[in-house]
Amino acid sequence: MTKTTSCFGRAWLGRGLGVAVMIAAWVLATALPSARASAPGRPPNIVFIFSDDHAVQAISAYGSKVNHTPHIDRLAQEGMLFVNSFCANSLCGPSRACIQTGKHSHLNGFLRNGDRFDSSQLTFPKLLQKAGYQTAIIGKWHLGTDPVGYDYWEVLPGQGNYYNPVFIQMDGSRKQYQGYVTDIITDRSIDWLEHGRDPNRPFMLMCQHKAPHRNWSPPPRHFDTYGDRPVPEPPTLRDDYSGRTRLLKENEMTIAHHMFWGHDMKFHGENLFPDYFRSGLANGEYRRMTPEQKAAWDAWYEPRNQEFIRRMKAGELSEDEVLQWKYQRYMHDYLACVQAVDDSVGRLLKWLDDNGLAENTVVIYSSDQGFYLGEHGWFDKRWIFEESLKMPFIIRWPGVVAPGTRSEALIQNIDYAPTFLDMAGVPVPAEMQGRSLLPVLKSGGKAPADWRDAIYYAYYENVAAHNVPMHDGIRTARYKLAFFPRTREWQLFDLQKDPMELRSVHRDPEYANVLTALQKRYRDLKRFYQVNSAVIPAHRRGEAWWRERERQKTAEARKGKAQLVFIGDSITQGWEGRGKAVWEAHYAKYDALNLGFSGDRTEHVIWRLTHGNLGRVKPKVAVVMIGTNNTGHLMQEPEEVAAGVEAIIRILREKLPDTRIVLMAIFPRGHSPFDLGRLNNIAINQRIRRLADGEHVRYLDISDRFLAPDGTLPKELMPDFLHPNRRGYEIWAEALDPVLKELGL
Ligand code: SGN
Ligand code: CA
């Protein structure tokens, strides 16, 4: 293991010519008006201190009731604190991708943890670098691909570790440092500031901590900072989830039921009380420790753990007292991790002071999202509720930002990139969706008249860790509106009357006008940010049958035998039901594969096709019909659904270049020719028929074969006015046969 001594050699000094060119560039750059905004002659340096899962409730400058963060507070005293600062997608990788690109998740492509960041896209560090800044990122990255746009980087693999962490180096090698991750990230950052850069050029440093992310492993020096003093409980620790969507109850992030005995609660050995703790995940950090680190760890935890075990065995603790104990253990660990982050802020501020750089350096403190510190009974994040929607954002910029100011402007992490570019005098590219905060910073925190009145939020991970469903929504100064596609429910909160978000008033007649207005605002904002959920890949793995069908169908597809594949929703899946005999007669001979999933919309098909559902099939023909659920569930605009169908055709063309595609017009629905769903489907069909290319894609509309002369849809063919019966499937097969033949089957 390496001690953290400087690894920046003389190589940096050997860049004489490049430096001269850069200095010349700066002479030009300083002529730009915003480059003169702070200290004359040179655009400001930027130090971005970023942590992971640090909630504003644990920052004293934000009014914490649970801890004291003197160094972060100093930034607030000397700068501006944003009380209405939000993330766009409350998860690690997604938040970071928003920051890099200035765009919402659906456009930067990083929707969920585990995605891989497309580093070919435009990012702010690339542009700063081009403008002559030296750029560095040290610490947690979590975007899958290597950082691009940085002169120097050294990042944790994935989530990284707290104790004796390994860092990925720029040459791809890995280096382990001995010590505590927050301190090491700070050491490495200061080392870069001291030895890794050219002092004659401005710089942008991202110092990105792992802490206080789960499993909240603190450094020994802070075991006793808050010691055994009880931390006040939040009023909603015992939330019963009434008055809101039932999806809340399905979460798996409660302190009461979802804390691991080893990993979270720091017990050694086998779980002695499985009614209260989850088993199966030991404290991996302990295993990484040196004997000295283990000794310090055990000296703090063991006596307390043993005392808890003794009291449990003696039956001294009620269920609620166990919850109280767990909350205290959680907060002890979380807050001690935060304390080390605060130390880091202190060290970086001191370094800037000691080196005469405080004046012309902008310092920001932020964190990738908020976190639940027991509110609603939870840990973790993901939900649109305040605690995890909020991000701390504190900024010090001497000479520009008035000290000790607060701003209520609604800001979001997509604003960071434009802000950093604007500070550096670099024009903000039109494709970035965020806005520069400079006008707010320069006016004591007041937002300009045309500032946004609502932020847009979207969480895409659906069912993964913690079982939080996909949802999106908007938040204005007073209200929050959220939509949950799985249950197609709205939730509306009046934050003024109900700041803890305990009662959705979406059905309350008193709020009928507010609901309508906010729904309109929500739709406007989605259009403004180009959010089309019909093209954003989504899965339904939270539904057991869907997961199982996906597994089975993918396994079948892996055999690669099918000469014919059907792709779609319940109408296609119905070939296995009412259409079974027809299928046997017409398609069994082609080893045909049915990739119809009941209830799927275009976005689900897109997800399936890009996540292995096609296996190894190379069919002669693929028959696609999709979109009626985009109409039926959400009444999505025809343009949007057509774009979803187009994306599906594009994916199929890419993956199966030799396959001929029969794109079916969506079947008519509803009895009456004026059925709104029917009309929407017709409008979609009018658009998708243009996808036929006379070569690979054939468009087939058989609506007329189903409809009566007066335009009504007969019960005799579609008993529920949506799904064909056996006769309906026969009609479909009869219409399809000659086409399949023509296409070589
Ligand atoms: C890990 C954690 C989760 C956490 C995610 C995402 N589990 O999977 O509790 O929600 O990270 O966090 S753990 O068992 O590894 O501790 S994020 O900040 O990276 O998005
Ligand atoms: Ca995080």
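Things worth noting here:
- Sequence-distant residues sharing a close amide H with His268 (under 5 Å, placed H): none
- Seen against the Cα atoms of the chain and their longest principal axis, helix 512-528 is set at about 90 degrees.
- Compactness of the chain as Cα Rg over 2.2 N^0.38 Å, two decimals: 1.06
- Treating r as the C-beta distance of Gln77 and Thr145 and R0 as 35 Å, the FRET efficiency rounds to 0.35.
- Per-residue HN-Hα couplings for the stretch 662-670 [Karplus 6.51, -1.76, 1.60; θ = phi - 60°; Hz; x = Gly/Pro]: 9, 8, 7, 4, 4, 4, x, 10, x
- Taking each DSSP H run with n ≥ 4 as -39500 (n - 2.57) and averaging over every residue of the chain yields -10000 deg cm²/dmol at 222 nm.
- Sorted fewest first by neighbouring Cβ atoms within 10 angstrom, His696, His268 come out as His268, His696.
- Computed FRET value (nearest 0.05) for Asp737 with Arg616, which takes r as the C-beta separation and R₀ as 25 Å: 0.40
- Across the stretch 197-214, rounded Karplus estimates of 3J(HN,Hα) from the backbone phi angles (6.51 cos²θ - 1.76 cosθ + 1.60, θ = phi - 60°) give 10, 8, x, 8, 10, x, 9, 9, 10, 9, 9, 10, 7, 7, 5, x, 5, 3 Hz, Gly and Pro being marked x.
- Length-normalised contact order of the stretch 603-686 in % [C-alpha pairs under 8 Å, at least 6 apart]: 39
- Annotation: extensible slack from Asp298 through Lys442 equals 46.8 nm (criterion: 0.36 nm per residue apart, minus Cα-Cα distance).
- Crossing angle, helix 638-655 versus the chain [Cα axis fit, 0-90 degrees, rounded to tens]: 90
- Note on Ala555 and Lys126: their simple-model spin labels are 4.3 nm apart, each label 7 Å out from Cα toward Cβ.
- Rounded to the nearest whole Hz, the Karplus-based 3J(HN,Hα) values (6.51 cos²θ - 1.76 cosθ + 1.60, θ = phi - 60°) of the stretch 131-136 follow the sequence 7, x, 6, 8, 10, 8, with x at glycine and proline.
- Arg660 long-range amide H proximity, modeled H, under 5 Å: Val621, Ala622
- Sorting Ser672, Ser366 from the fewest to the most surrounding beta carbons within 10 angstrom yields Ser672, Ser366.
- Residues of type lysines that Lys620 reaches as a straight line, Cα spacing below 25 Å, ignoring anything fewer than 8 places off in the same chain: Lys553, Lys559, Lys561, Lys580, Lys589, Lys655, Lys741
- Projecting the Cα positions of Asn680, Ala555, Ile649 onto the charge dipole of the stretch 537-742 (unit charges on Cβ atoms of Lys, Arg, Asp and Glu, taken about the Cα centre) puts Ala555 furthest along the positive direction.
- Eligible lysines near Lys520 by straight Cα distance, threshold 24 Å, same-chain separation 8 or greater: Lys103, Lys390, Lys480, Lys497
- Estimated dipole of the chain in Debye, rounded to 20 [Cβ of Lys and Arg +1, of Asp and Glu -1, Cα centre]: 1320
- Residue order, fewest to most surrounding Cβ atoms within 10 angstrom, among Leu481, Leu679: Leu679, Leu481
- Backbone amide hydrogens, once placed in the peptide plane, bring Gly542 within less than 5 Å of Val463, excluding anything fewer than 5 places away on its chain.
- Helix 291-313 axis versus longest C-alpha principal axis of the chain: approximately 70°, rounded to the nearest ten.
Readers should treat all values here as calculations from the given coordinates under stated rules, not as data from a laboratory. Given the structure is predicted, the values throughout are model-derived calculations rather than measurements. Heads up, the Cβs are rebuilt from the backbone with ideal geometry, glycines too, and the neighbour counts pull from every protein chain shown.
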